[in-house]
Amino acid sequence: MTAVYSEITNDYKVITPQDAKNKRVLIRVDFNVPMQDGVIQDDTRLKRVIPGIIALAATAKQIILVTHLGRPKGNVTASLSVLPLQDYLTSALHESVGFVPHSETPSALSHSIDVSHKIWLLENCRFYPGEEQNDIKLAKAYADIADIYVNDAFSCSHRSHATIQAITQFLPSYAGPVLAAELAALANAMEKPARPVAAFVGGAKISTKLSVLENLISKVDKLLLAGAMANTFLAAKQVPVAASLYEPDLIDTAKMVLELAESKGCEIILPIDGLVSTSLKEGGEHHIRANGMLKQDEMILDIGPESVALFKEHISQCKTLLWNGPAGAFEIAPYDTASKSLGEFIGMRTSQDHLISVAGGGDTVAAVNLAGVADKLSYLSLAGGAFLEWIEGKSLPGIEALRPS
């Protein structure tokens, strides 16, 4: 993937073990993982970067890991210390990992790291107010403890923060292997995709994904819409949605999106039936209704079997698929049916080499895991905001900072 990434992204420098040889390497990672009472609840993000750290540690003089955890807002917050990660990393990296606690004076960082450990973990960078302020002095303090900088945290790269953007002013800067793979996957789906290309977008509101939809329309051949968002489009086409969640004040916006899609030659596919109920509760009474056949007190909580078949038909016609968002209220059965069925189909098409599939953003990872296809997709992004901003067509400060001058 690195070669594709390098070709598509205007030759960003991707770190290699040779680049790291005998160097002190500061790696910005995203270890913002769920923890409860100091116990890691989900280590997926950590597992992704471990192989890259091990590869660089084989040649580097030292590896220094910096991450944030939660939103301490510039305050030292004991419950958001990254210290519990030390033991996990020591085990995963097969190397004793040192820990550098927070210091009131960031410049003291340079006195905290010695030769007693090859790999060091720094305390939560957001304990410093200057981190989220993209403070130059803080960035320089971090830069002073290293010879080169590596950004391997795509999920943080939409932030103009000191350890993401400002630090690149002081050190030779590289993309890490995970970040490089992420951008390669997104470029393959968005910039030079195998066609036909489709986007499957779910979620509750047009208002949160309007920029995404507008950008996708100019990039894809088919746009499959599901979730409550699709209800607003149905209402815009004068299909009654009864008590379903939708945005009546955005009906004109939905009409504009439909008109824009037609002008760009992008086919929008909407659900033709739904799984409906009068209340959102597990095991509640539910029915399958064709469009326009809902009773006044019923709401659409998932797309129906005919819609699933329709979506599968369109996906089967495509070579590339971008997936963002679940098909319905997937947290509650049976309204997880469509998300599971479509996820399984996407996974099958991908594993059979009929489809390049890239999924990510928000609840998408949960929907992918629900379908049990995380290891079958071409790429699963763990990023939320960064993924959405990328598919909106926005520039990400952390990525732009790596661009060769």
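So how strong a dipole does the chain carry about its Cα centre when Lys and Arg Cβ are +1 and Asp and Glu Cβ are -1, to the nearest 20 debye?
That gives the chain a dipole magnitude of about 840 debye.
Toward the positive end of the charge dipole of the chain, about the Cα centre and with charges on Cβ (Lys, Arg +1; Asp, Glu -1), which of 168, 290, 321 goes farthest?
Of 168, 290, 321, it is 168.
Just from the alpha-carbon atoms, what are the Rg and Dmax of the stretch 204-279 in angstroms?
Radius of gyration, then largest Cα-Cα span, for the stretch 204-279: 12.1, 39 Å.
What's the exposure ranking of 245, 26, going from fewest to most Cβ atoms within 10 Å?
By the 10 Å Cβ count, ascending: 245, 26.
Helix 44-57 versus the longest principal axis of the chain: what is the Cα-based angle in degrees, 0 to 90, to the nearest 10?
40
By how many degrees, between 0 and 90 and to the nearest 10, does the Cα long axis of helix 337-351 differ from the longest principal axis of the chain?
It works out to around 60 degrees.
Given contacts defined as C-alpha pairs under 8 Å and at least six residues apart, what's the relative contact order of the stretch 193-391, whole-number percent?
Working: 425 pairs, mean separation 42.4, N = 199.
After rounding, I find 21 percent.
Can you give the angle from 0 to 90° between the axis of helix 305-316 and the longest principal axis of the chain, with both taken from C-alpha atoms, to the nearest 10?
60
What does the charge dipole of the stretch 193-391 about its Cα centre add up to, to the nearest 20 debye, if the Cβ of each Lys and Arg holds +1 and the Cβ of each Asp and Glu holds -1?
Details: 16 positive and 23 negative charges, 90 e Å.
Charge dipole of the stretch 193-391: 440 debye, to the nearest 20.
Taking 0.36 nm per residue of separation and subtracting the Cα-Cα distance, what length does fully extending residue 403 through residue 239 add?
This chain segment gains 54.3 nm when fully extended.
Quick one: Cα convex hull volume of the stretch 129-271, Å³ per residue? Kindly include the intermediate steps, with their values, before the conclusion.
Working: hull volume 20.6 nm³, N = 143.
Normalising the Cα hull of the stretch 129-271 by residue number yields 144 Å³.
Rounded to whole Hz and in sequence order, give me ³J(HN,Hα) for the stretch 81-98 from the Karplus expression 6.51 cos²θ - 1.76 cosθ + 1.60, θ = phi - 60°, writing x for Gly and Pro.
5, 8, 3, x, 6, 4, 5, 4, 5, 4, 6, 5, 8, 6, 7, 5, 9, x
Given the -39500 (n - 2.57) contribution per DSSP H run of 4+ residues, what per-residue ellipticity at 222 nm results for the chain, rounded to the nearest 500 deg cm²/dmol?
-10000 deg cm²/dmol
Across bins of 5 angstrom width beginning at 0, how are the C-alpha pair distances of the stretch 2-181 distributed, in whole percent?
The percentages, shortest bin first, are 1, 9, 18, 23, 23, 16, 7, 2, 0.
With N denoting the number of residues in the stretch 193-391, provide Rg(C-alpha) divided by 2.2 N^0.38 Å, to two decimal places.
Normalised by 2.2 N^0.38 Å, the Cα Rg of the stretch 193-391 equals 0.95.
Pairs to check: 118/140; 219/295; 209/281; 61/394; 47/137; 140/219. Give those whose C-alpha atoms are more than 28 Å from each other in this structure.
The pairs that break the limit, which is 28 Å between Cα atoms, are 219/295; 61/394; 47/137; 140/219.
Looking at the stretch 193-391 only, what percent of DSSP beta bridges run antiparallel? Nearest 5 please.
Here the share of antiparallel DSSP bridges comes out near 30 percent.
Average projected area of the Cα convex hull of the chain, in nm²?
20.4
Who wins for biggest fluctuation among 133, 296, 36 in a Gaussian network model of the chain, springs between alpha carbons below 10 Å?
36
How much length would be gained if the chain were fully extended between residue 249 and residue 288, taking 0.36 nm per residue of separation minus their Cα-Cα distance, in nm to one decimal?
11.3 nm
I'd like the Karplus ³J(HN,Hα) series for the stretch 382-399: coefficients 6.51, -1.76, 1.60, θ = phi - 60°, whole numbers in Hz, and an x wherever there's a Gly or Pro.
8, 7, x, x, 5, 4, 5, 5, 5, 6, 6, x, 7, 7, 9, x, x, 7
Can you tell which of 385, 284, 274 shows the greatest fluctuation in a Gaussian network model of the chain with Cα springs below 10 Å?
284
Please compute the Kirkwood hydrodynamic radius of the stretch 250-363 from all pairs of different C-alpha atoms, in Å with one decimal.
Kirkwood radius, the stretch 250-363: 15.5 Å.
How high is the relative contact order of the chain, in percent, counting Cα pairs under 8 Å that sit 6 or more residues apart?
It rounds to 16 percent for the chain.
When only Cα pairs under 8 Å and 6 or more residues apart are kept, what is the percent relative contact order across the stretch 2-181?
The value is 28 percent.
If we count other beta carbons within 10 Å of each Cβ, what is the order of 222, 281, 205, fewest first?
So the ranking, lowest neighbour count to highest, is 281, 205, 222.
To the nearest 20 Debye, how big is the dipole of the stretch 2-181 about its Cα centre, given +1 on the beta carbon of each Lys and Arg and -1 on that of each Asp and Glu?
Charge dipole, the stretch 2-181, about its Cα centre: 220 debye, nearest 20.
Considering only 127, 203, 272, whose Cα is most displaced toward the positive end of the charge dipole of the chain, charges sitting on Cβ of Lys, Arg (+1) and Asp, Glu (-1)?
Ranked along the dipole, the leading option is 127.
Only the coordinates and a few stated rules stand behind these numbers; no lab work does. Note that this is a predicted model, so its numbers are computed, not measured. No Cβ is skipped: glycine too gets one built from the backbone with ideal geometry, and neighbour counts run over all protein chains shown.
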